1. Between residue 47 and residues 5 or more places away or on another chain, which pairs have amide H atoms under 5 Å apart, with H built 1.01 Å from N, and which residues are they?
2. State whether segment 25-70 is rounded, prolate or oblate according to the following rule on the C-alpha gyration tensor (a ≥ b ≥ c being the square roots of its eigenvalues): a/c under 1.5 gives rounded; otherwise a/b larger than b/c gives prolate, and the remaining case gives oblate.
3. May I ask you to compute the full-extension gain from residue 71 to residue 50, defined as 0.36 nm times their residue separation minus their alpha-carbon distance, rounded to one decimal in nm?
4. Using a 10 Å cut-off on Cβ atoms, rank the peptides 45-51, 7-13, 33-39 from the highest mean neighbour count down.
Amino acid sequence: MSDVEISRKESLTRHEAARRLSALADALDAGGHVEVELGASTVKLHVPDHVRCEVEVEVDGDEVELEVEFKWSTASAEPEPAATPREHARAGKAAARSHS
């Protein structure tokens, strides 16, 4: 179950749909913040540098559905722990053996 879900369905011309997608693409390319218009409301989202993307096409009779979904975590990424001197030494020995 989602903590928050906002949804809006509307009919657009192909040109209007292209403008919406273009505005979203421009916002993603320009920085880490996008605004999604949902009728009279606007949702502002922070988007990290890396996202997961899923594209799905479904044809059911005379109806075609194209979904483009982006997902990302809002949890801050934990930094990788620094390797100990012993781990550095083991990695160096393994690399030396593989080059022999």
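All of the numbers you see were taken from the coordinates with simple rules; none came from a lab. Since we're looking at a predicted model, the values are computed, not measured. Backbone-built Cβ (ideal geometry, glycine too); neighbour counts: all protein chains shown.
1. Amide H neighbours of residue 47, under 5 Å, 5+ apart: 33, 34.
2. On the way: a/c = 3.40, a/b = 1.64, b/c = 2.07.
Oblate shape, in that a/c is at least 1.5 and b/c is the bigger or equal ratio.
3. Working: separation 21, 0.36 × 21 = 7.56 nm, distance 0.93 nm.
Here the segment from residue 71 to residue 50 would lengthen by 6.6 nm.
4. In descending order of packing, they fall as 33-39, 45-51, 7-13.
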